[in-house]
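I have placed the structure first, in the form of C-alpha cells, so that the comments after it can refer back to it.
The values are calculated or read from the model by the stated rules, or taken from the named source; none is laboratory data. If you're wondering where the values come from, they're calculated on a predicted model, not measured in any experiment. Here the Cβ positions follow ideal geometry from the backbone for every residue, glycine too, while neighbour counts run over all protein chains shown.
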Amino acid sequence: MQIFNNWNIVAKGWYIACTSKELAQKQAKSVEICGQRITIFRGEDGIVRALDAYCPHLGTDLGIGKVDGNWIRCAFHHWAFDETGICQNIPCQSAIPNQAKVEAYATEEKYGFIWVYPDAVAPEGVADFDELKGKEIVAQPDTAFERSCHHHICMMNGIDAQHLKTIHHLDIKMNLSLHRSELGTQIDFTMRGQFPQTTWREKLGQRFLGSTYEYSMRYANGCIGLLTMMKNVRLFPPLHMIYAYTPIAPGRTRIQPIYVTAKRKGIVGYLLSKFLLFCTRLAYYMLRDEDGKIYENIRFNPKLLLSIDQPLAQYMEYVNQLKPSRWSKSEVSSKVKIQN
C-alpha cells in the first residue's frame, strides 16, 4: 500500500491538537485533526485526555460538555466517559451498555503543544533532538501556515541537495549518512560538505563557521521534521527547529514551525537562549520564502531521479513502510483491520 503522497492515508504518528495554553484545567474543547473531530480535555489532575468527539448515545459533541474530575460529561444527557473512552456513569440508570464507549487516543504535551496519537497507546513519545535529551528546553512557536501540496512533499525539502545551489545559491557538495530507528518510525539524514569560496555567501560562511557545513534532518512518523543546523561549526552551538505537519484537506497541509533550544541558567543564560532562538528564526525566514514559491506550485510526479536524489528515494521508501492509522479514509481503514 502506497502511503507516500497519498491523501487517503494518515500514518500513525503525533499530530498537533492545539497549544497547551489553550486548554486550562477542567476545560474541554473539540478540534479537527487530520479530518477527525477529537475532544480533548484536561482533568483536575492536569493531564490531557483525547476521545472521539461524538457521544455514542445521540451524537452530541463532547467538547461542549463538562469536565467532572478526570471524566468528561456529555452536555446533553450527562453520560460520563473516562480516559479510555468507556462510559462510567449514566444518570438515568445504573446499567451501562457495553457499547457505551468511544475511541480513546494517547496524548503528550511537549514543545508547548498538545499532541495526539491515533491509537490509545503510542509505541514512543514525540520525537526528541539527541543533543537536547534530558535537558530542560525553551520552545518558541512561530505562526503556522499552509502549503498546497502533501506534507510528505514539503518534508523532502530538507534533504534535497540540488536545491541548495539552484534555490539558495549555496554550491556545497553534500555527503549523506543515514540511520533508521529500531521501530522504523524515525529516519535521520545527516548532510556534510566543504564550503566553496565562489560567492560572498560562501566566503562569509567559511570565515565565521569554518571550512565545513553540516546539518541533519530527523523525520518521525512521516509527519514531524526535526532540523539541526550549525552542527560542528565555529562560534555557534547547534540550532534546532521543528516542523510539525498536519494534512487538513486534500491538497492542503498545515505546517507549524517551532524553535527549540536548551534552557540556560541566569540572566546571561536567558539572553543567550533568546539569541539562539532569534538566530534559528532568522535562518528559517531566509530560506522559507525561497522554498515557498516551489511548494505552492508543484504537482509531484517523479519520473526521472538522479544519483544526487538518493536521499529523496530513501525518504519515500521510509514513508511507505509506515503504518496507516484508523484516521485513514474508511476503505483504507477496513483493509488495515483485515490485515491486522
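One table, with the values for the structure above:
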read-out: Residue among S328, S273 that is among the small types (G, A, S), farther than 30 Å from Q140 by Cβ and either in the same structural domain as R147 (by TED's automatic domain parsing) or in contact with a strand residue (DSSP E or B) (Cβ under 9 Å, 6 or more places away or on another chain) (or both); value: S328
read-out: Residue count, the stretch 1-52 (criterion: more than 28 Å from D68 (Cβ to Cβ) and not hydrophobic (A, V, I, L, M, F, W, C)); value: 7
read-out: Members of the stretch 1-24 that are modelled with pLDDT under 95 and of a type in the set (F, W, Y); value: F4, W7
read-out: Subset of the stretch 229-261 (residues that are touching a His at 6+ places or on another chain (Cβ under 7 Å) and either not assigned by TED's automatic domain parsing to the domain that holds M286 or not polar (S, T, N, Q) (or both)); value: Y245, P247, V260
read-out: Top-ranked residue in the stretch 232-261 [being more than 25 Å from H150 (Cα to Cα) and at pLDDT below 95; ranked as nearest to the chain's Cα centre (by Cα)]; value: L239
read-out: Extreme residue, surrounded by the most Cβ atoms within 10 Å (Cβ to Cβ), among residues of the stretch 107-136 that are farther than 25 Å from M241 by Cβ and among the hydrophobic types (A, V, I, L, M, F, W, C); value: A120
read-out: Whichever residue in the stretch 84-102 is touching a residue at least 40 places away in the same chain (Cβ under 8 Å) and buried (at least 17 other Cβ atoms within 10 Å of the Cβ) and, among such residues, is farthest from Q256 (Cα to Cα); value: A100
read-out: Residue match in the stretch 86-108 (condition: closer than 23 Å to T19 by Cα, outside any loop (DSSP other than H, G, I, E, B), of a type in the set (D, E, K, R) and touching a helix residue (DSSP H, G or I) at 6+ places or on another chain (Cβ under 8 Å)); value: no
read-out: Count of residues meeting criterion [on the phi > 0 side of the Ramachandran plot and either at pLDDT below 95 or of a type outside the set (F, W, Y) (or both)] in the stretch 81-125; value: 2
read-out: Members of the stretch 50-70 that are assigned to a strand (DSSP E or B), farther than 12 Å from E103 by Cβ and either among the hydrophobic types (A, V, I, L, M, F, W, C) or touching a residue at least 24 places away in the same chain (Cβ under 8 Å) (or both); value: D61, K66, V67
read-out: Test: residue in the stretch 258-268 that is charged (D, E, K, R) and part of a helix (DSSP H, G or I); value: no
read-out: Considering residues of the stretch 1-29 that are in a loop (DSSP other than H, G, I, E, B) and among the β-branched types (V, I, T) only, the residue nearest to E44 (Cα to Cα); value: V10
